1. Sort out which residues of region 25-36 are open to solvent by 10 Å² or more (accessible area, probe 1.4 Å) and either farther than 13 Å from Val200 by Cβ or at pLDDT below 95 (or both), and write them in order of number.
2. Among the candidates Ser131, Ser155, which residue alone is under 15 Å from Ser195 (Cα atoms), open to solvent by less than 60 Å² (accessible area, probe 1.4 Å) and either out of contact with any Cys (no Cβ under 9 Å at 6 or more places or on another chain) or of a type in the set (Ser, Thr, Tyr) (or both)?
3. Hey, can you tell me all the residues within region 1-24 that are modelled with pLDDT under 90, hydrophobic (A, V, I, L, M, F, W, C) and surrounded by fewer than 17 Cβ atoms within 10 Å (Cβ to Cβ)?
4. Give region 215-257 a look and list any residue that's farther than 25 Å from Val184 by Cβ and modelled with pLDDT of 65 or more, or say none.
5. Go through Asp94, Asp108, Asp99 for me and flag whichever is closer than 17 Å to Asp47 by Cβ and surrounded by 14 or more Cβ atoms within 10 Å (Cβ to Cβ).
6. For Thr168, which of the numbered conditions (1) under 15 Å from the mean Cα position of the chain (by Cα); (2) open to solvent by 70 Å² or more (accessible area, probe 1.4 Å); (3) free of Cβ contacts under 8 Å to residues at least 12 places away in the same chain fails to hold?
Amino acid sequence: MDAVCGLLLLLLLHGTSHGVETFCDGRQNGAKCYGALGGTVVLRLMDDASKIFRYQWIFNTTTILRWRDNTILSNLIENRSSFSPSNGTFRINDLSRNDGGEYTLVVDKDNSGTNQEKRTLQLTIQAPVSSVLLVSECLSQGEMKASCSSEGGDSPQYRWTLGGRTLTQTQLLSGNSESQNITVKQDVSGELVCSVRNDVSVVRKEKQTCGFTFLQCTLSNGTYISNWFPPAYETLCPQPTPEGKEPDITVSNKPSIKITSSSHTKALPLLYCGLRAAVVFLILTGIFVYFACKKNDLKKAEGSAVHEVTEYENDSVVMLEMRSSASRL
């Protein structure tokens with residue numbers, strides 16, 4: 001929106017002589033008014049001239065407008081001015097340097113000559129700013145030197161903004177928000193705008209900052225880097241691994257300490273490994289106990305079998321002996 005307004009104003013400056021129009025409320029005594037060279041100024045002198053008996057509009061010592069009983073008696077600059085009694089405005093077109101000075105309004109509310117009122121205003125004529133030249137340079141470490149100048153325009157005032165906000169001293173290495181020449185820090189990024197204005201015009205020019213990025217990482221060949229780089233080098237540092245491991249890398253717009261894992265982050269893998277080891281230990285212990293019990297049961301079973309065979313063998317001997325004795329009988 002600001003760029004569109006600036007373009008329209010620039011077109012007006014190069015248009016007709018009535019292109020740049022300013023307004024000033026002269027109903028207060030001592031008002032300071034401004035008009036653009038070659039343009040138009042609208043001066044509000046009173047609320048309603050139809051209720052005033054008589055008044056005179058005096059420039060320095062020359063009366064340029066006379067009014068009485070709702071009638072304009074004379075107007076020395078009639079060819080480039082107009083007066084509207086209903087709202088008390090006096091319009092002067094095609095302004096020149098000679099139109100600047102003190103204007104006095106003498107009002108007679110009645111014909112007694114005693115009920116009189118005087119008010120003055122100071123009109124200053126300024127040449128409007130026609131164009132702005134913004135020159136910038138990106139330094140080796142990402143700082144940006146910028147210089148702003150204007151063509152035409154009386155008493156130009158400079159103002160630097162970034163993203164619509166006035167530049168602060170913390171964003172600058174040299175200069176200030178109202179200097180013609182400034183140096184912006186590396187970590188400042190965005191649209192830098194220089195506005196040149198005076199009391200009758202404003203023109204802007206914008207440019208992107210250098211946009212350097214601070215890279216800090218170890219490359220695949222073992223080279224460690226820690227410096228400011230242009231945007232084309234943003235992919236210089238390796239990207240995070242697919243396993244989600246944290247790489248030893250820092251990519252930011254500001255210098256920062258190399259990223260390392262905290263003790264809390266390290267504790268999680270250790271805890272996970274400990275749980276896995278405990279599970280494996282319990283499984284192995286269970287297997288060992290199972291086979292030990294199995295072996296013990298087998299031994300018991302073998303012992304029972306031997307006992308039964310022995311008794312059986314003894315009984316057999318007895319039976320044989322009994323049978324032998326019976327035969328003898």
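The values are calculated or read from the model by the stated rules, or taken from the named source; none is laboratory data. All values reported here derive from a predicted model rather than from experimental measurement. FYI the Cβ positions are ideal-geometry reconstructions off the backbone, even for glycines, and counts take in every protein chain you see. Just the protein is used for accessible areas: all its heavy atoms, side chains included, with ligands, DNA and RNA removed. Shrake-Rupley method; radii C 1.70, N 1.55, O 1.52, S 1.80 Å.
1. The answer is Asp25, Arg27, Gln28, Asn29, Gly30, Ala31.
2. Ser131
3. Within region 1-24, Met1, Ala3, Val4, Cys5, Leu7, Leu8, Leu11 qualify.
4. Cys217, Thr218, Leu219, Ser220, Asn221, Gly222, Thr223, Tyr224, Pro238, Gln239, listed by residue number.
5. Asp108
6. Against the list (1) under 15 Å from the mean Cα position of the chain (by Cα); (2) open to solvent by 70 Å² or more (accessible area, probe 1.4 Å); (3) free of Cβ contacts under 8 Å to residues at least 12 places away in the same chain, Thr168 comes up short only on (2).
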